[in-house]
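These notes concern the structure reproduced below.
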Amino acid sequence: MTKYFIKRFLQLVVVAFIISVLVFLLVHLLPGDPSVTILGPNDTAHNRAVLFKQLGLNKPLLQQYTTWLNAVFHGNLGQSYLNHESVTHIVATGAPIDIELIVISQVIAFAVAIPLALITSRRPNRAFDNVSTTTTFGLLALPPFVIAPIMVAVFAVSLHWFPATGYVPLTQDPATNLHDMILPSLAITAGSIAVYYRLLRSDLISTLQEDFITMARSKGLSNRRIMLRHAFRPSTFSLLAAAGVNIGALLAGTFIVEYLFALSGLGYSLVQAVQQRDYLVVQGISLVVAIAYVVLQFIIDFLFTVVDPRVVRE
């Protein structure tokens, strides 16, 4: 077990280093010159040279990278070129919104998909199963940028059940915060429900045909006990893998919902920084999101060992 985790951790460190290099280089390959945005009408050759010296952009690329990486290790992601706001502060402000969106959406997705899969897998190809499968298949065809406006029109504009925009921090008013976050969370959870349900249903149907399930039934165990104690756990491999990929994608894909609901999360801040050529903000947010994705995959690997310890021996 220890050897397995050391191996995975070393892989995480190597991947994180490669990500830092790619993020740094890709941002420097973006078109445009930050001096144009920063200096505005004062963009002269002399002022540009002074600015590049102040920002360290006149130094060799390798020296710029090592300076930036050293600052990152000390928790300093730099400052915005435009308003001089700390990138660390931007990340610290926006990350809770993204995390809350993802957590609420995934709780909803699991709360719907798992019970539905447990019910339909016991009697596949029946009426309820066919309706559930058809409905979830339809959800796959509805991306967030389609669902979100519909939800706003129905639940915010027509019924006035939820606000169309706005955000109250969880620490300030938990009840209002959860009320405000339900609608945007629902907008990004439809695809997750469909994927989780279809994968778990398929694996459960396959697992219920195994010999150890037949033996459990011969012992007179109830269907509920067989499903929850014997069939569910070995059927969650695909579910965990899909959850890891899906949550990772949501880390970088919530900006559409954030924009529509006026939520200033990381995705929304990243899009604004790209449009304004605020390169240090782009670097910082991209690095944080990419590293978070890698760490998430490491956690998923750990969950695999909990579900099936044989993974460690492979």
query = Using 0.36 nm per residue, how much length does the chain from Ser264 to Arg225 gain when fully extended, once their Cα-Cα distance is taken away?
reply = 9.5 nm
request  = For the stretch 183-277, state the semi-axes of the equivalent ellipsoid (square roots of 5 times the eigenvalues of the alpha-carbon gyration tensor), sorted largest first and rounded to whole angstrom.
outcome  = 42, 12, 8
ask   = So how far apart, in nm, are the two label points at Ala45 and Val107 if each is 7 Å from Cα heading toward Cβ?
value = 6.1 nm
key: Label-point gap, in nm, between Thr135 and Asp211 - each point 7 angstrom along Cα→Cβ   = 3.9 nm
log10 of Debye I(q)/I(0), alpha-carbon scatterers only, for the stretch 103-240 at 0.10, 0.19, 0.22 Å⁻¹ = -0.45, -1.04, -1.23
request  = Once you have the Kirkwood Rh of the chain from its Cα pairs, apply Stokes-Einstein at 37 °C and 0.692 mPa s and quote D in µm²/s.
outcome  = 145 µm²/s
message = Just the number please: accessible area per residue for the chain, 1.4 Å probe, all protein chains included, in Å².
response = 55 Å²
remark   = Low-density loop trypsin sites (Lys or Arg not before Pro), the stretch 210-268, at most 15 other Cβ within 10 Å, DSSP non-H/G/I/E/B, are Lys219
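Using a 1.4 Å probe over the heavy atoms of the protein chains, calculate the carbon and sulfur portion of the accessible area of the chain as a whole percent.
67 percent
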request  = Would you kindly state how much longer the chain becomes between His84 and His179 on full extension, computed as 0.36 nm times their sequence separation minus their alpha carbon distance, in nm to one decimal?
outcome  = 30.9 nm
remark   = the stretch 247-299 and the stretch 120-139 have their Cα centres apart by a whole-number Å value of 35 Å
query = R0 = 41 Å: FRET efficiency of Arg123 with Phe145, Cβ-based, nearest 0.05?
reply = 0.70
key: Amide H contacts under 5 Å for Gln79, placed H, 5+ residues apart   = Val87
task = Would you look at the GNM of the chain, springs on alpha carbons closer than 10 Å, and say which of Ser80, Ser158, Ser185 moves the most?
result = Ser158
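The values are calculated or read from the model by the stated rules, or taken from the named source; none is laboratory data. Remember, predicted model here, so these are calculated numbers, not experimental data. Neighbour counts run over all protein chains shown; Cβ positions are idealised from the backbone, glycine included. Note: accessible area is taken over every heavy atom of the protein model, side chains too, but ligands, DNA and RNA are not part of it. Shrake-Rupley method; radii C 1.70, N 1.55, O 1.52, S 1.80 Å.
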